[in-house]
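The values are calculated or read from the model by the stated rules, or taken from the named source; none is laboratory data. Just so it is clear, the structure is predicted and the values come from calculations on it, not from any experiment. Quick reminder, even Gly has a Cβ in these numbers, built from the backbone with ideal geometry, and neighbours come from all protein chains shown.
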Amino acid sequence: MNKRLKQITHRLRERSLEFKVVSLTGPAISVKDVVRRATVPVKIEEICKTILLKGKTVFGVFLRGTDRIDFEKLKEIQGSKIRLLNKQEIKNQFGFELGEVCPLFLDIVVFVDKDVLKLENVHFGSGDLLNGLEMKSGDILKCINYKIENVVV
């Protein structure tokens with residue numbers, strides 16, 4: 001467990017939120033990696049991802065791992081062109097490698113896709129490629145600066 005994951009688990013305990021750390025047998029970047037490498041069964045439909053983008057400002061999108069972002073909808077919401085942050089920008093601005101991004105560490109607005117809230121539990125990046133987090137979908141909203149939107153194709 002790395003320093004960031006220790007910080008997150010401490011914050012979650014302080015807020016009395018239930019969570020589980022899901023150990024992985026190797027680095028997990030994709031949904032398939034998580035399913036293959038989780039040391040406990042993980043439902044593919046509960047795996048979520050955090051994507052970082054730039055429009056007028058830098059923002060995040062939290063969506064189910066198998067869903068795709070609707071860039072036109074985000075362009076309307078942002079009122080400007082948008083693009084994905086590249087690997088170097090993610091590292092420089094947030095200190096994460098690809099696959100490590102944890103929405104609970106972000107001090108930016110995160111657009112949570114409304115379909116995520118239909119899930120009982122969500123699994124997502126913890127800031128550590130060898131561990132993921134599992135929480136109730138509604139509890140994640142208690143930890144981030146969010147807006148609920150329909151942002152998938």
Would you mind finding the one in LEU52, LEU17 that is over 15 Å from the mean Cα position of the chain (by Cα), of a type in the set (A, V, I, L, M) and surrounded by 13 or more Cβ atoms within 10 Å (Cβ to Cβ)?
-> LEU17
Within the set of pairs 6 or more residues apart or between chains, which connect a residue that is surrounded by 14 or more Cβ atoms within 10 Å (Cβ to Cβ) inside the range 26-45 to a residue that is part of a helix (DSSP H, G or I) and of a type in the set (Lys, Arg) with Cβ atoms less than 9 Å apart?
-> PRO27/ARG37; ALA28/ARG36; ALA28/ARG37
Apart from one, (1) modelled with pLDDT of 95 or more; (2) assigned to a helix (DSSP H, G or I) all hold for VAL122; the odd one out is (2)
Output yes when any residue across the range 92-100 is within 10 Å of the chain's Cα centre (by Cα), on the phi < 0 side of the Ramachandran plot, surrounded by 14 or more Cβ atoms within 10 Å (Cβ to Cβ) and not in a loop (DSSP other than H, G, I, E, B), and no when none is.
-> no
For GLY127, state whether it is closer than 22 Å to ASP33 by Cβ and modelled with pLDDT of 95 or more.
-> no
Tell me, which residue of the range 101-115 that is out of contact with any Lys or Arg (no Cβ under 6 Å at 6 or more places or on another chain) and in a strand (DSSP E or B) is farthest from ILE148 (Cα to Cα)?
-> VAL110
Only one residue in LYS49, LYS6 is charged (D, E, K, R) and farther than 26 Å from ASP115 by Cβ. Which one?
-> LYS6
For residues that are hydrophobic (A, V, I, L, M, F, W, C) and closer than 16 Å to ARG11 by Cα, scanning just the range 125-151, find the one that is surrounded by the fewest Cβ atoms within 10 Å (Cβ to Cβ).
-> LEU141
Of all residues in the range 136-145, which are in contact with a helix residue (DSSP H, G or I) (Cβ under 8 Å, 6 or more places away or on another chain) and not in a loop (DSSP other than H, G, I, E, B)?
-> SER137, GLY138, ILE140
Starting from residues that are assigned to a loop (DSSP other than H, G, I, E, B) and not β-branched (Val, Ile, Thr), keep the ones in the range 71-85 and report whichever is surrounded by the fewest Cβ atoms within 10 Å (Cβ to Cβ).
-> GLY79
Would you point out which residue out of ASP33, ASP107, ASP70 is of a type outside the set (A, V, I, L, M), at pLDDT 95 or above and more than 12 Å from the chain's Cα centre (by Cα)?
-> ASP70
Could you list, in sequence order, the residues of the range 64-89 that are hydrophobic (A, V, I, L, M, F, W, C) and in contact (Cβ under 8 Å) with a residue 24 or more places away in the chain?
-> ILE69, LEU74, ILE77, ILE82, LEU84, LEU85
